[in-house]
Structures are given as structure tokens and as C-alpha cells.
Amino acid sequence: MNKKIIIQSILFLIILILLFLFFFKYFSKNNQTNSNTDKTNLTSVSKENFANIIENIEYNSNDETGNLYNIKAEYGEILNESKNLILMKDVTAKIIFNHNEQITITSKKAIYNTTNYDTNFEEDILVRYAEHTIASNNVDLLFKDNKVKIYNEIDYNNLNTNLLADNAEINLLTKNLKIYMNNNKKINIEYKENVSN
């Protein structure tokens, strides 16, 4: 009788050990597979969402006349539809002429073309050139045309003049500023008197 109980006990223990090993292996592999899939999913999500974003981005280029173009942004995002277009946020751009004159453009957003350096600025734009300050909603920096095109609710100020207009252009070769309205409308000009002590 004792032998029978011992054999049954040993068989029972062997079955328990086999069950334990089976469940341990099964659950261990299942958990590993789940954690691996989670890691893979996280990696692919982060690659999808963040691989195209670059922080503290800066580009420099020169034109054929020796002028330097520098553009900086808090961050930029490579647009999927075109690898040479970068959407930038909190942007500061400078065109530094070889005589150390410069045009500074700041904006909330810009789309920068890495191939031809053309840049389209949007939102809260401020253009500064010598004594000229121009606020507007849109600015296009067109290198192949050698001009800065400013449009959409322009508010221009210099030392003693304030005017509202539809369009303005700065020629990058001559550095001349041209301001005009659409449909032959008149420009609203306000002159400020010099205040001297």
C-alpha cells in the first residue's frame, strides 16, 4: 500500500511539474510577445510622429552676389509630400548684404524650400530693414526673382510715416522698397511730426 501511495504521489508531482512548466512556458512566451509588440508599436508610432521633427533648426546659404541668407526656427517639420519643404515654427530669417546691411523677418510659421531657399512666411510677421518696419500676414522671399514680396494687411512704419497698404516689395539687388494697393486704390498715409526738445 505504501508503494502504491508513493508511486501515485510521484506521478502526481510529475504531472504538476509538467503542468507548471507548460503554463510557465506558454505564459512567459505570450508575455514576451506582447511586450515585444508593444515596443514595436511604440517605436513605429514615435518614428511616425517625431522622425520628421527637428529642434533648433538653422540653414545658411549665399547667393551669387555674396549676400548671406540665414534662417532659424525653434523647430521644423519635414513635410511628407515633399522632402525639400520644411514647415518651421517661431522663425527668424536674416538677409545680410555684403555691405553689412540686413533685412530681418520674424514670423510664427514659415515654409522653407531647401532646394531654392524660397521661403513663405505666415502669421505675426515683422520685417525690419534700415528705418523701415513692416507688419503683415504674408511674406514670400523669392530668391530666383531677387525680391521680398510682402502682402495681406500691411502696416508700414518708418521715422515719421505710417501707412496701410495691400502690397510691398523689396528688390534684393537695388534694395528699393515699393508699396502699392490692389485695384488702383489709394494708400492711407499718416505723417507724424518730429518731436524735438
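The values are calculated or read from the model by the stated rules, or taken from the named source; none is laboratory data. Predicted, not measured: the structure shown is a model, and the values here were computed from it. FYI the Cβ positions are ideal-geometry reconstructions off the backbone, even for glycines, and counts take in every protein chain you see.
For the reader, a short list of remarks on this structure follows.
- Subset of segment 132-188 (residues that are polar (S, T, N, Q) and touching a helix residue (DSSP H, G or I) at 6+ places or on another chain (Cβ under 9 Å)): N167
- Single condition D166 does not satisfy, out of (1) of a type in the set (D, E); (2) surrounded by 14 or more Cβ atoms within 10 Å (Cβ to Cβ); (3) assigned to a loop (DSSP other than H, G, I, E, B): (3)
- The one condition in (1) aromatic (F, W, Y); (2) at pLDDT below 90; (3) under 25 Å from N84 (Cα atoms) that Y151 fails to fulfil: (2)
- Residue in segment 90-106 that is surrounded by fewer than 16 Cβ atoms within 10 Å (Cβ to Cβ), at pLDDT 95 or above, farther than 22 Å from Y156 by Cβ and not aromatic (F, W, Y) present: yes
- Among the candidates Y129, Y151, Y156, Y112, residue that is within 18 Å of I57 (Cα to Cα), hydroxyl-bearing (S, T, Y) and in the same structural domain as Y180 (by TED's automatic domain parsing): Y112
- Counted residues, segment 33-80 - those being modelled with pLDDT of 70 or more and either over 15 Å from the mean Cα position of the chain (by Cα) or on the phi < 0 side of the Ramachandran plot (or both): 27
- Flag for L173 being touching a residue at least 60 places away in the same chain (Cβ under 8 Å) and surrounded by fewer than 15 Cβ atoms within 10 Å (Cβ to Cβ): yes
- Whichever residue in segment 71-89 is of a type outside the set (A, V, I, L, M, F, W, C), under 17 Å from I125 (Cβ atoms) and touching a Lys or Arg at 6+ places or on another chain (Cβ under 7 Å) and, among such residues, is surrounded by the fewest Cβ atoms within 10 Å (Cβ to Cβ): E74
- All positions within segment 113-130 that are modelled with pLDDT under 90 and touching a strand residue (DSSP E or B) at 6+ places or on another chain (Cβ under 7 Å): T114, Y129
- Filter pass, K192 being in contact with a Ser or Thr (Cβ under 9 Å, 6 or more places away or on another chain), at pLDDT below 90 and surrounded by 11 or more Cβ atoms within 10 Å (Cβ to Cβ): yes
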